[in-house]
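A quick write-up on the structure given underneath.
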Amino acid sequence: MEIAIIADDTRKELAIQFCIAYCGILSKHHICATAKTASVLSDATGLPIESLLPGSHGGEQQITSRISCDEVDVLLYFRSATPKPEFDEAEYNLLRLCDGHNVPVATNIATAEIVVRALERGDLDWREILNPRSDYNRRRRGLKK
(Lines give C-alpha, C1' and ligand atoms only; values in the text may rest on other atoms or scores of the structure.)
Protein backbone atom coordinates (compact mmCIF):
# COMPACT_ATOMS: atom_id res chain seq x y z
CA MET A 1 0.00 0.00 0.00
CA GLU A 2 1.02 3.58 -0.63
CA ILE A 3 0.77 5.76 2.48
CA ALA A 4 1.18 9.55 2.35
CA ILE A 5 1.94 11.48 5.52
CA ILE A 6 1.65 15.20 6.15
CA ALA A 7 2.28 16.72 9.58
CA ASP A 8 1.90 20.38 10.44
CA ASP A 9 4.85 21.79 12.41
CA THR A 10 2.82 21.71 15.62
CA ARG A 11 2.06 18.00 15.05
CA LYS A 12 5.47 16.63 14.00
CA GLU A 13 6.19 15.19 17.45
CA LEU A 14 2.78 13.48 17.48
CA ALA A 15 3.49 12.00 14.03
CA ILE A 16 6.89 10.76 15.25
CA GLN A 17 5.37 9.05 18.29
CA PHE A 18 2.65 7.51 16.13
CA CYS A 19 5.13 6.14 13.58
CA ILE A 20 7.37 4.75 16.33
CA ALA A 21 4.37 2.97 17.86
CA TYR A 22 3.26 1.51 14.52
CA CYS A 23 6.67 1.07 12.89
CA GLY A 24 6.10 -2.67 12.46
CA ILE A 25 2.95 -2.14 10.41
CA LEU A 26 4.22 0.89 8.48
CA SER A 27 7.43 -0.91 7.49
CA LYS A 28 5.38 -3.25 5.27
CA HIS A 29 4.18 -0.35 3.10
CA HIS A 30 5.63 2.38 0.89
CA ILE A 31 5.53 5.76 2.62
CA CYS A 32 5.93 9.21 1.15
CA ALA A 33 5.81 12.47 3.06
CA THR A 34 6.49 16.15 2.66
CA ALA A 35 10.21 16.97 3.06
CA LYS A 36 10.56 17.96 6.72
CA THR A 37 8.06 15.34 7.84
CA ALA A 38 9.88 12.64 5.86
CA SER A 39 13.19 13.68 7.40
CA VAL A 40 12.06 13.69 11.03
CA LEU A 41 10.06 10.46 10.67
CA SER A 42 12.88 8.63 8.93
CA ASP A 43 15.41 9.81 11.51
CA ALA A 44 13.19 8.77 14.42
CA THR A 45 12.02 5.40 13.07
CA GLY A 46 14.60 4.24 10.54
CA LEU A 47 11.79 3.69 8.03
CA PRO A 48 12.55 4.36 4.38
CA ILE A 49 10.35 7.32 3.52
CA GLU A 50 10.19 8.94 0.09
CA SER A 51 10.76 12.65 0.58
CA LEU A 52 8.65 15.01 -1.49
CA LEU A 53 8.91 18.79 -1.69
CA PRO A 54 8.34 20.83 1.46
CA GLY A 55 4.61 21.24 2.12
CA SER A 56 4.67 24.98 1.53
CA HIS A 57 6.63 24.57 -1.71
CA GLY A 58 4.45 22.00 -3.44
CA GLY A 59 4.69 18.84 -1.31
CA GLU A 60 0.99 18.92 -0.48
CA GLN A 61 0.23 19.42 -4.17
CA GLN A 62 2.43 16.41 -5.04
CA ILE A 63 0.39 14.28 -2.67
CA THR A 64 -2.83 15.78 -4.05
CA SER A 65 -1.69 14.87 -7.56
CA ARG A 66 -0.90 11.30 -6.54
CA ILE A 67 -4.32 10.99 -4.94
CA SER A 68 -5.98 12.21 -8.14
CA CYS A 69 -4.08 9.49 -10.05
CA ASP A 70 -5.10 6.80 -7.51
CA GLU A 71 -1.46 6.37 -6.44
CA VAL A 72 -2.10 6.94 -2.72
CA ASP A 73 -4.07 4.40 -0.71
CA VAL A 74 -4.08 6.10 2.70
CA LEU A 75 -3.45 9.66 3.87
CA LEU A 76 -2.32 10.34 7.42
CA TYR A 77 -2.70 14.08 7.86
CA PHE A 78 -1.62 15.23 11.31
CA ARG A 79 -3.00 18.74 11.04
CA SER A 80 -3.17 21.47 13.60
CA ALA A 81 -6.39 21.75 15.57
CA THR A 82 -5.99 25.53 15.69
CA PRO A 83 -8.40 27.24 13.28
CA LYS A 84 -6.72 29.02 10.37
CA PRO A 85 -7.56 32.69 9.91
CA GLU A 86 -8.34 32.22 6.23
CA PHE A 87 -9.66 29.53 3.93
CA ASP A 88 -6.94 27.03 2.91
CA GLU A 89 -7.74 26.03 -0.65
CA ALA A 90 -4.89 23.49 -0.89
CA GLU A 91 -6.12 21.64 2.19
CA TYR A 92 -9.70 21.77 0.93
CA ASN A 93 -8.67 20.28 -2.44
CA LEU A 94 -6.59 17.59 -0.76
CA LEU A 95 -9.47 16.43 1.42
CA ARG A 96 -12.01 16.78 -1.42
CA LEU A 97 -9.91 14.51 -3.63
CA CYS A 98 -9.62 11.94 -0.84
CA ASP A 99 -13.42 11.90 -0.67
CA GLY A 100 -13.75 11.67 -4.45
CA HIS A 101 -11.20 8.86 -4.80
CA ASN A 102 -12.27 6.94 -1.69
CA VAL A 103 -8.89 7.37 -0.02
CA PRO A 104 -9.12 6.76 3.73
CA VAL A 105 -7.82 9.89 5.45
CA ALA A 106 -6.99 10.35 9.12
CA THR A 107 -6.74 13.89 10.45
CA ASN A 108 -6.15 12.97 14.08
CA ILE A 109 -4.33 10.33 16.09
CA ALA A 110 -7.44 8.30 16.93
CA THR A 111 -8.46 7.89 13.31
CA ALA A 112 -4.87 7.24 12.24
CA GLU A 113 -4.71 4.34 14.68
CA ILE A 114 -7.94 2.85 13.31
CA VAL A 115 -6.73 3.19 9.70
CA VAL A 116 -3.32 1.63 10.40
CA ARG A 117 -4.88 -1.26 12.27
CA ALA A 118 -7.25 -1.75 9.32
CA LEU A 119 -4.20 -1.91 7.05
CA GLU A 120 -2.70 -4.59 9.28
CA ARG A 121 -5.88 -6.68 9.15
CA GLY A 122 -6.19 -6.35 5.38
CA ASP A 123 -9.40 -4.32 5.51
CA LEU A 124 -8.07 -1.95 2.85
CA ASP A 125 -6.74 -4.56 0.41
CA TRP A 126 -9.47 -3.53 -2.05
CA ARG A 127 -7.36 -0.40 -2.69
CA GLU A 128 -4.81 -2.62 -4.50
CA ILE A 129 -7.22 -2.94 -7.42
CA LEU A 130 -7.50 0.85 -7.81
CA ASN A 131 -3.83 1.78 -7.45
CA PRO A 132 -1.96 1.52 -10.78
CA ARG A 133 1.36 1.25 -8.87
CA SER A 134 0.19 -1.60 -6.63
CA ASP A 135 1.84 -5.02 -6.71
CA TYR A 136 -1.50 -6.43 -7.87
CA ASN A 137 -1.62 -4.24 -10.97
CA ARG A 138 2.11 -4.54 -11.69
CA ARG A 139 1.71 -8.34 -11.76
CA ARG A 140 -1.31 -8.02 -14.06
CA ARG A 141 0.75 -5.94 -16.49
CA GLY A 142 3.76 -8.28 -16.18
CA LEU A 143 5.93 -5.60 -14.54
CA LYS A 144 8.35 -6.11 -11.69
CA LYS A 145 8.69 -3.93 -8.59
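The values are calculated or read from the model by the stated rules, or taken from the named source; none is laboratory data. Nothing here was measured: the structure is a model prediction, and the numbers come from that model. Reconstructed Cβ throughout: ideal geometry from the backbone, glycine too, with neighbour counts over all protein chains shown. Surface areas here come from the heavy atoms of the whole protein model, side chains and all, with no ligands, DNA or RNA. Shrake-Rupley method; radii C 1.70, N 1.55, O 1.52, S 1.80 Å.
With a simple spin-label model that places each label point 7 Å from the Cα along the Cα-to-Cβ direction, the separation between Asn102 and Glu13 comes to 4.0 nm.
Solvent-accessible area of Leu130, probe 1.4 Å, all protein chains present, reported in Å² to the nearest ten, please. Here the residue's solvent-accessible area equals roughly 80 Å². Modelled label positions at Cys23 and Glu50, each set 7 Å beyond Cα in the direction of Cβ, lie 2.3 nm from each other. Seen through its C-alpha gyration tensor, with square-root eigenvalues sorted a ≥ b ≥ c, region 80-138 comes out oblate because a/c lies at 1.5 or above while a/b is not bigger than b/c. For the chain, DSSP calls about 0 percent of its internal beta bridges antiparallel. If you bin all the Cα-Cα distances of the chain at 5 Å, starting from zero, the percentages per bin are 2, 10, 20, 24, 22, 14, 6, 2, 1, 0. Over region 1-46, the reciprocal of the mean inverse Cα-Cα separation, the Kirkwood hydrodynamic radius, stands at 10.5 Å. So if we plug the beta-carbon distance of Glu86 and Ala118 into 1/(1 + (r/R0)^6) with R0 = 30 Å, what FRET efficiency do we get, rounded to 0.05? According to the calculation, E is roughly 0.30.
The residues of region 62-145 present an accessible area of 60 Å² per residue when probed at 1.4 Å with all protein chains retained. The peptide list 31-43, 12-24, put in order of mean Cβ contacts within 10 Å with the highest first, becomes 31-43, 12-24.
Sorted on the mean count of surrounding Cβ atoms within 10 Å across their residues, most packed first, peptides 52-61, 72-81 read 72-81, 52-61. Secondary-structure-derived ellipticity at 222 nm for the chain, considering helices only, amounts to -13500 deg cm²/dmol, per-run term -39500 (n - 2.57) for DSSP H runs with n ≥ 4.
Note on Lys84: aspartates and glutamates with a C-alpha under 15 Å away, same-chain residues under 8 apart excluded, are Asp8, Asp9. Annotation: extensible slack from Thr111 through Arg141 equals 7.4 nm (criterion: 0.36 nm per residue apart, minus Cα-Cα distance).
Accessible surface of the chain, 1.4 Å probe: 52 percent of it comes from carbon and sulfur atoms. Fully extending the segment from Gln62 to Asp43, taken as 0.36 nm per residue of separation minus the present Cα-Cα distance, adds 4.6 nm.
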